[in-house]
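The values are calculated or read from the model by the stated rules, or taken from the named source; none is laboratory data. None of the values given here were measured: they were computed from a predicted structure. Ideal geometry is used to build each Cβ from the backbone, glycine not excepted, and the neighbour counts take in all protein chains shown.
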């Protein structure tokens, strides 16, 4: 389901083709292809502990984006209203995440959504909680996740 | 941590039956007791009977493993994790081992990884705990290990892994994690004050394969060395409650 690729040179760990679905809409749409413009490490050479942690981050992001609370509801509403339209959000988004040793998300960065409020909401959502485990100390950061933004109406 | 283990030990001491026989044990002569379920005992049947155990995810589609005695004869099964409660259904009960395969509509956590080659040997440090006890362990900074693989003498059974462990009620179905974060067994029941049996990884994998579950296997570490196995256990497991009418 996920393809982990990273590069030591730029100290990045990339999860490409990993998709996020919005709960409770359910369907997971895979975003094909890898994030562009970054040098990757062969996934088979990435330590499994990195992959496990990345899967956990993916799961947490998915859960937080699907949460029934004000900010997540507002972001999902924005996605439903603007997805597929001109000036709307892209079908997928590469999110770079920096994790603290205690499992909290220090910061995230991602491409512009063309809507400042939606960007702020997504940033709030993705930095609001604790992943639940400490990142492997040797894991390269930032963690790069390709999120498929494919809500169902 | 020490205080926590002592408290758990006290709980275990308080919960066992009177001695009926002696076993071989390294430190003090333990006393054999009747095998005791580690599921929470049913509440008085005033309104509804229920028993609770622990279950853990074995794939990304919501399949979970738990102890058979924690999931059989249930009118309803509820899986609870991090404030969410979802219904589960029984997919299969093992005829030979204390294993049950249940399913929730959507995964609520990370899928466990099993060892390709079972290598657990006597005195290996393991981790196993009831899901409900994990938050407390994490608050205290995590726990690396709280059990050791015991000699098979005096209480083990074919297909089961014997552990010296203080796990108590609610631990049935808990994953037994080795130092690499791999599942070496599934907690089944207590046989003496300090000894617990877990269904071995080989038998557990055979049960999953027999039911068409595609689980992950790897012998490489799935978590950083020295990382808290309590946190990994919390990532993969949940509380399972069996409601009996």
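Which one is modelled with the highest pLDDT among residues in segment B:194-227 that are crowded, with 24+ Cβ neighbours inside 10 Å and within 11 Å of chain A (Cβ to nearest Cβ)?
B:222
Looking at B:70, B:75, B:80, B:111, which one is in contact (Cβ under 8 Å) with a residue 24 or more places away in the chain, buried (at least 20 other Cβ atoms within 10 Å of the Cβ) and within 22 Å of residue B:169 (Cβ to Cβ)?
Details: B:75 fails: buried (at least 20 other Cβ atoms within 10 Å of the Cβ); B:80 fails: buried (at least 20 other Cβ atoms within 10 Å of the Cβ); B:111 fails: within 22 Å of residue B:169 (Cβ to Cβ).
Exactly one of B:70, B:75, B:80, B:111 is in contact (Cβ under 8 Å) with a residue 24 or more places away in the chain, buried (at least 20 other Cβ atoms within 10 Å of the Cβ) and within 22 Å of residue B:169 (Cβ to Cβ), namely B:70.
For segment B:228-245, give me each residue that is touching a strand residue (DSSP E or B) at 6+ places or on another chain (Cβ under 7 Å) and surrounded by fewer than 24 Cβ atoms within 10 Å (Cβ to Cβ).
Residues satisfying the conditions are B:239, B:241, B:243, B:244.
Take the residues in segment B:95-108 that are surrounded by 23 or more Cβ atoms within 10 Å (Cβ to Cβ) and under 12 Å from residue B:79 (Cα atoms); name whichever of them is nearest to the other protein chains (Cβ to nearest Cβ).
Looking only at segment B:95-108, we keep the residues that are surrounded by 23 or more Cβ atoms within 10 Å (Cβ to Cβ), and these are B:98-102, B:104.
In the following step, the residues that additionally are under 12 Å from residue B:79 (Cα atoms) were identified as B:102, B:104.
Values: B:102: 19, B:104: 13 Å.
Going through the qualifying residues, I end up with B:104.
Mind checking which residues of segment B:153-177 are modelled with pLDDT of 95 or more and within 19 Å of residue B:222 (Cβ to Cβ)?
Across segment B:153-177, the qualifying residues are B:174, B:175, B:176, B:177.
Across segment B:51-64, which residue is farthest from the other protein chains (Cβ to nearest Cβ) among those that are in a strand (DSSP E or B) and touching a helix residue (DSSP H, G or I) at 6+ places or on another chain (Cβ under 7 Å)? I'd like the intermediate steps shown before the answer.
Residues of segment B:51-64 that are in a strand (DSSP E or B), as a first pass: B:51-57, B:63-64.
Restricting the remaining residues to those that are touching a helix residue (DSSP H, G or I) at 6+ places or on another chain (Cβ under 7 Å) gives B:51, B:53-54, B:56-57.
Numbers: B:51: 27, B:53: 21, B:54: 16, B:56: 14, B:57: 10 Å.
Ranking the qualifying residues of segment B:51-64, first place goes to B:51.
Give me the residue from segment B:206-227 that is in contact with a strand residue (DSSP E or B) (Cβ under 8 Å, 6 or more places away or on another chain) and part of a loop (DSSP other than H, G, I, E, B) and, out of that set, farthest from residue B:159 (Cα to Cα).
The selected residue is B:222.
On the basis of being within 17 Å of residue B:69 (Cβ to Cβ) and crowded, with 24+ Cβ neighbours inside 10 Å, does residue B:185 make the cut?
Details: within 17 Å of residue B:69 (Cβ to Cβ): yes; crowded, with 24+ Cβ neighbours inside 10 Å: yes.
Yes.
Filter segment B:228-245 down to the residues that are more than 9 Å from chain A (Cβ to nearest Cβ) and in a helix (DSSP H, G or I) and list them by number.
Residues of segment B:228-245 more than 9 Å from chain A (Cβ to nearest Cβ): B:229-230, B:233, B:236-245.
B:229, B:230, B:233, B:236 - these are the residues of segment B:228-245 that are more than 9 Å from chain A (Cβ to nearest Cβ) and in a helix (DSSP H, G or I).
Please determine, by comparing only the residues of segment A:124-141 that are facing another protein chain (nearest Cβ under 9 Å) and out of contact with any strand residue (DSSP E or B) (no Cβ under 9 Å at 6 or more places or on another chain), which one is surrounded by the most Cβ atoms within 10 Å (Cβ to Cβ).
If we take residues in segment A:124-141 being facing another protein chain (nearest Cβ under 9 Å) and out of contact with any strand residue (DSSP E or B) (no Cβ under 9 Å at 6 or more places or on another chain), then A:133 is surrounded by the most Cβ atoms within 10 Å (Cβ to Cβ).
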